[in-house]
Amino acid sequence: MNDRPVEPDSELRDLVAAAQIGDGQALAALYDAFSDRVYRYALVILRDHEAAEDVTSDVFLGVLRNIGSFQWRQGSTFESWVFRIAHNVIVDEKRRLLRRPTVPLAEEDEMRLVSPADIEDSVIDAVELRDAWRNVAGLPKGQRRVLELRLVAGLSAEETGEVLGKSAGAVRVLQHRALTTLREMSRVPQGAGDE
């Protein structure tokens with residue numbers, strides 16, 4: 001994964017500029033470009049399809065309301081701006097969900113969430129993926145958020161840091177710790193310590 005924010009291509013700059021002056025087609029194109037990743041990110045955290053759909057809608061309402069104030073700045077990307085909005089909306093939704101019972105995401109849906117279509121053809125890979133995401137769920141919150149943004153949303157360390165209010169170096173440290181912990185978890189044989 002590239003750790004440096006990429007200079008926005010001229011197409012993205014043009015779309016953002018057009019959206020800032022109210023061009024509906026540009027707004028729709030931005031929605032098409034980012035909505036799937038925002039939805040997956042929300043689904044990984046909330047583990048509820050309906051809530052993830054609602055969050056995705058709320059995120060893009062926030063984008064619509066605030067796009068006029070977005071500015072291109074050094075070290076900041078439009079993508080990290082969108083995911084900062086997503087992060088804030090998801091945190092609010094997670095608080096709301098904690099106040100009401102939910103049905104957990106089915107394991108089959110969980111495996112499809114971040115796996116390519118060909119993984120479904122391999123039962124062993126699917127089981128390993130499910131176990132890996134269960135292990136991720138057991139990580140400390142900061143490490144878990146970093147992996148969700150880096151692996152699910154596909155953000156760089158700098159973009160992830162911008163979303164979480166941390167330096168890129170802190171993001172890399174949290175990612176390293178998370179991956180080290182996950183490697184250690186995978187070395188522990190199933191059932192060890194159950195005696």
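The values are calculated or read from the model by the stated rules, or taken from the named source; none is laboratory data. Please read these numbers as outputs of a predicted model, since none were measured by experiment. Heads up, the Cβs are rebuilt from the backbone with ideal geometry, glycines too, and the neighbour counts pull from every protein chain shown.
If the Cβ limit is 7 Å and pairs must be 6+ apart or interchain, which residue in the stretch 61-88 that is among the basic types (Lys, Arg) pairs with which residue that is surrounded by 16 or more Cβ atoms within 10 Å (Cβ to Cβ)?
Arg84/Glu162; Arg84/Val163
Does any residue in the stretch 166-195 that is at pLDDT 85 or above come within less than 8 Å, Cβ to Cβ, of a residue that is among the charged types (D, E, K, R) six or more places away or on a different chain, and which pairs are these?
Every condition considered, the pairs that remain are Ala168/Asp3; Ala168/Glu158; Val171/Arg150; Val171/Glu158; Arg172/Asp3; Leu174/Lys166; Gln175/Arg150; Ala178/Arg144.
In the set Ala106, Ala51, Ala19, which member is hydrophobic (A, V, I, L, M, F, W, C) and at pLDDT 90 or above?
Ala19 is the lone residue from the list that is hydrophobic (A, V, I, L, M, F, W, C) and at pLDDT 90 or above.
For Ala19, work out the one condition from (1) out of contact with any Gly (no Cβ under 7 Å at 6 or more places or on another chain); (2) touching a residue at least 24 places away in the same chain (Cβ under 8 Å); (3) within 30 Å of Val136 (Cβ to Cβ) it doesn't fulfil.
(3)
Going residue by residue through the stretch 69-87, is there one that turns out to be within 19 Å of Gly161 (Cβ to Cβ), modelled with pLDDT of 90 or more and of a type in the set (Gly, Ala, Ser)?
The answer is yes, given that some residue of the stretch 69-87 is within 19 Å of Gly161 (Cβ to Cβ), modelled with pLDDT of 90 or more and of a type in the set (Gly, Ala, Ser).
Of all residues being more than 14 Å from the chain's Cα centre (by Cα), part of a helix (DSSP H, G or I) and not hydrophobic (A, V, I, L, M, F, W, C) in the stretch 18-52, which is surrounded by the most Cβ atoms within 10 Å (Cβ to Cβ)? Just the residue, please.
Among those that are more than 14 Å from the chain's Cα centre (by Cα), part of a helix (DSSP H, G or I) and not hydrophobic (A, V, I, L, M, F, W, C), it is Tyr31.
If you go through the stretch 165-189 one residue at a time, how many are part of a loop (DSSP other than H, G, I, E, B) and either among the small types (Gly, Ala, Ser) or closer than 13 Å to Gly138 by Cα (or both)?
2
Can you find a residue in the stretch 90-97 that is surrounded by fewer than 19 Cβ atoms within 10 Å (Cβ to Cβ), assigned to a helix (DSSP H, G or I) and acidic (Asp, Glu)?
So far as the stretch 90-97 goes, yes, one or more of its residues are surrounded by fewer than 19 Cβ atoms within 10 Å (Cβ to Cβ), assigned to a helix (DSSP H, G or I) and acidic (Asp, Glu).
Pick from the stretch 134-180 the residues that are surrounded by 21 or more Cβ atoms within 10 Å (Cβ to Cβ) and among the β-branched types (Val, Ile, Thr): which of them is farthest from the chain's Cα centre (by Cα)?
Val171
Assess whether Ser35 counts as being touching a residue at least 24 places away in the same chain (Cβ under 8 Å), of a type in the set (S, T, N, Q) and closer than 17 Å to Ile90 by Cα.
Yes.
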